[in-house]
1. Pick out the one residue from B:ALA391, B:ALA402 that is buried (at least 19 other Cβ atoms within 10 Å of the Cβ), over 11 Å from B:ALA347 (Cα atoms) and in contact with a Ser or Thr (Cβ under 7 Å, 6 or more places away or on another chain).
2. Quick check, is B:THR363 farther than 30 Å from A:LEU192 by Cα, open to solvent by 30 Å² or more (accessible area, probe 1.4 Å) and of a type in the set (Val, Ile, Thr)?
3. Read through the list (1) open to solvent by less than 30 Å² (accessible area, probe 1.4 Å); (2) among the polar types (S, T, N, Q); (3) at pLDDT below 95, then give the number of the only condition that B:GLN18 fails.
4. Within the range A:288-316, can you find the residues that are in contact with a strand residue (DSSP E or B) (Cβ under 6 Å, 6 or more places away or on another chain) and within 7 Å of chain B (Cβ to nearest Cβ)?
5. For the range A:136-151, name all the residues that are within 12 Å of chain B (Cβ to nearest Cβ) and among the small types (Gly, Ala, Ser).
6. Report yes if some residue within the range B:220-227 is at pLDDT 95 or above and hydrophobic (A, V, I, L, M, F, W, C); otherwise report no.
7. Select from the range B:366-388 the residues that are without any contact (Cβ under 8 Å) to a residue 60 or more places away in the chain and touching a Gly at 6+ places or on another chain (Cβ under 9 Å) and write down the one among them that is surrounded by the most Cβ atoms within 10 Å (Cβ to Cβ).
8. Please count how many residues of the range A:263-287 are more than 10 Å from chain B (Cβ to nearest Cβ), under 23 Å from A:SER38 (Cβ atoms) and modelled with pLDDT of 95 or more.
Protein chains: 2
Amino acid sequence: MVVPMKPAQQKRSRTEVQLAPMPRSVTLLGATGSIGSSTIDLLRREPELYRVEAVTANRSAAALARLARELGARFAAVGDPAAYNELKSELSGSGIEAAAGPESLVEAAQRPADWVMAAITGAASLKPTLAAAERGAWVAIANKECLVCAGALFMRRAAAAGATVLPVDSEHNAIFQALASGRREEVRRVILTASGGPFRTSSLEQIRKVTVEQALKHPTWEMGPKVTIDSATLMNKGLELIEAHHLFALRPEELDVVVHPQSVVHGLVEFRDGSVIAQLGSPDMRIPISHCLGWPTRITTPAPRLDLAKVGSLTFEEPDPVRFPALALARRALAAGGGAPTVLNAANEIAVREFVDRRLGFTGIPALVEATLNAADRRGVMKEPQSVEEAVEIDHNSRRLAADLLPEIAAMAS
Amino acid sequence: MVVPMKPAQQKRSRTEVQLAPMPRSVTLLGATGSIGSSTIDLLRREPELYRVEAVTANRSAAALARLARELGARFAAVGDPAAYNELKSELSGSGIEAAAGPESLVEAAQRPADWVMAAITGAASLKPTLAAAERGAWVAIANKECLVCAGALFMRRAAAAGATVLPVDSEHNAIFQALASGRREEVRRVILTASGGPFRTSSLEQIRKVTVEQALKHPTWEMGPKVTIDSATLMNKGLELIEAHHLFALRPEELDVVVHPQSVVHGLVEFRDGSVIAQLGSPDMRIPISHCLGWPTRITTPAPRLDLAKVGSLTFEEPDPVRFPALALARRALAAGGGAPTVLNAANEIAVREFVDRRLGFTGIPALVEATLNAADRRGVMKEPQSVEEAVEIDHNSRRLAADLLPEIAAMAS
């Protein structure tokens, strides 16, 4: 065809993009979880294209050893030191190095793989993910904590090291794909889609009485309890706003959310000419993972093909700030910057845990987050973390603060 | 941000893409029509970025002269020689060269403008559009005839001259935009959206009785009668399949159509990873025109911003081959190749004219097209046109053939 593709893109980062040599060496931080499993499913399809350097898990030593053997990994590490002996014995005779403890996860990240899947959940992800970025790797980022709790720090260090940060989350990956149709300065707005959760059409009265069982039923994706509850409160989307802000260097006013219950459109970018570019797809995480794994090439996946005529209808609505205050809280934390998103995230983790353990009502979740943000604000503890240690400290302090505020909020919201 | 854009695209044409020097010199072939007017609206917003070389019209000499003066054009031409004196007198004292006749349109196209809007309608567009492409210009193509009647010829000559062909049509422009998210070999399927026209939900019985008045009411876009009728029969989408085949070098089986009554999603590209990239926007032709005008940069337009929550619902359905046989006829012509698309287009033009003049029923339109294709097939006159003259000859012969078949079809379909 004569219609050419866009010429060489303007540089968007301080580093030139280099095609990694093939076969690409990969490390999987969090190999036994859902994202790790989907990644391995893709690796298995074209084993000649990849060489596995390291794999890690939290404590599933036997499963990790099986994977390490199958994939021919050189290094396997479990975060929990108590799992070391099992890992060691399961790997005996394989020639695969075994290690354990938090520092072994960092070591895994530091080993020389071209591409690292950062899929460790929780605060334990911070150091290993940062370690991968700091050596200039291509980091497929599948955990929220790095960007929510230490986003500015993480992106700054990644840029300084010439790392390439690839977003795995379906919404951010969609935006990453859509951004390829233009240049940064041509972007008017980025729109994240939210399923709206199971209470999208519930009244405020009904939402006040939501049970744990009701909240754990998610209409579209099958996910862990934390993310499921976050989807029900829309806090998940609030955290994603913060992530998008860091990933794509977008100002808060350039970020928007639209509720889209079918979860077929994963994200949209509005350009200054009025064009809106969207990424759509079946709800199969192998699509965004493959986009990161093959990037800048698209690889074939076995994900179900999207059949729009079969889907029939895609609907969109504004999120309701009255029934779902979490989004506004996240925007507040995003606008405040500094440590505020870390406070938000920590307070939300406590609130969700307390809700799941039936010590806090559903509307108590945003109430506890708001109270914690207010208290942290009054105490002036919202400064920007300058290190992982500082981020972890803000996280810990915020959890304590939220725990302290819990009885009062639980009483009010019940 | 650290997430980089895609590195230099693989070469997709035989020529390297060159950024045209700014200000960009532009020529408007068909300056007084709807596409010409929208283009001029964009030029007026940033006059310092453009220098107008030539403008043409069919016979609206006074309007053309006004535009030529306002835009500071160097050359103005009318296709109709009878309009020459009026143009000459309206331009007197302006220093703008006036010309008339079909050859003057070719001359306008040949003058050294970086960018040419090819918005002349009908067969008259063939020679001027080809002339612009053959001197290696950036040609924004807004007429169907070049691609439908002489697509292989046009794209071959454009490629040989190093021309850049930019699609103006909202559907093809959408696909052009979506294709930027990947490489040609990563494309699994390209999907054109069709509004479905005013008879999308009508029964076959109702469609048989459709009046001209009913057919001329188009639900979304305001267009001329020919395109409006083509939208009602879905022949418009059939012709667009043929255009997309040539523009993007897509095989027939890589091309699909989905009915989408809201006309918000203009086109989609499915990649091999399962990602579907779509371009959406308000129904404002300034969006695709601006994309061609600024390409590879996106320029700001005053087009209404898309508000998905306000739109509410986007629906999709399969086109019905029984009620709308035009799509299958176009696919047949596409598969046959050679002169078949030219026969299809010519027969359809006759059929639509006869329908609008109330000498043929609505279902007689595809019936006449099919009969003409059958007859042309039997006579073996479907060879690939090797020149504009040959394409025009196939066109003329097909019109005669359709006219000969008309009485019989009109009698059958009434």
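1. Working: B:ALA402 fails: over 11 Å from B:ALA347 (Cα atoms).
On inspection, the qualifying residue turns out to be B:ALA391.
2. Numbers: farther than 30 Å from A:LEU192 by Cα: yes; open to solvent by 30 Å² or more (accessible area, probe 1.4 Å): yes; of a type in the set (Val, Ile, Thr): yes.
Taking the combined requirement at face value, the residue satisfies it.
3. The one condition B:GLN18 does not meet is (1).
4. Correct list: A:ARG298, A:LEU306, A:LEU308, A:ALA309, A:SER313, A:LEU314, A:THR315, A:PHE316.
5. Across the range A:136-151, the qualifying residues are A:GLY136, A:ALA137, A:ALA140, A:GLY151.
6. So the first thing to find is which residues in the range B:220-227 are at pLDDT 95 or above, and the list is none.
No, every residue in the range B:220-227 fails to be at pLDDT 95 or above and hydrophobic (A, V, I, L, M, F, W, C).
7. B:ALA376
8. Of the residues in the range A:263-287, the ones more than 10 Å from chain B (Cβ to nearest Cβ) are A:263, A:267, A:269, A:283, A:285.
Then drop every residue that is not under 23 Å from A:SER38 (Cβ atoms), which leaves A:263, A:267, A:283, A:285.
Next, only the ones that are modelled with pLDDT of 95 or more stay: A:263, A:267, A:285.
Residues in the range A:263-287 being more than 10 Å from chain B (Cβ to nearest Cβ), under 23 Å from A:SER38 (Cβ atoms) and modelled with pLDDT of 95 or more: 3 in total.
The values are calculated or read from the model by the stated rules, or taken from the named source; none is laboratory data. Note that this is a predicted model, so its numbers are computed, not measured. For neighbour counting, all protein chains shown are included, and Cβ atoms are generated from backbone atoms with ideal geometry for every residue, glycine included. Side chains included, ligands, DNA and RNA excluded: accessible areas come from the protein's heavy atoms. Shrake-Rupley method; radii C 1.70, N 1.55, O 1.52, S 1.80 Å.
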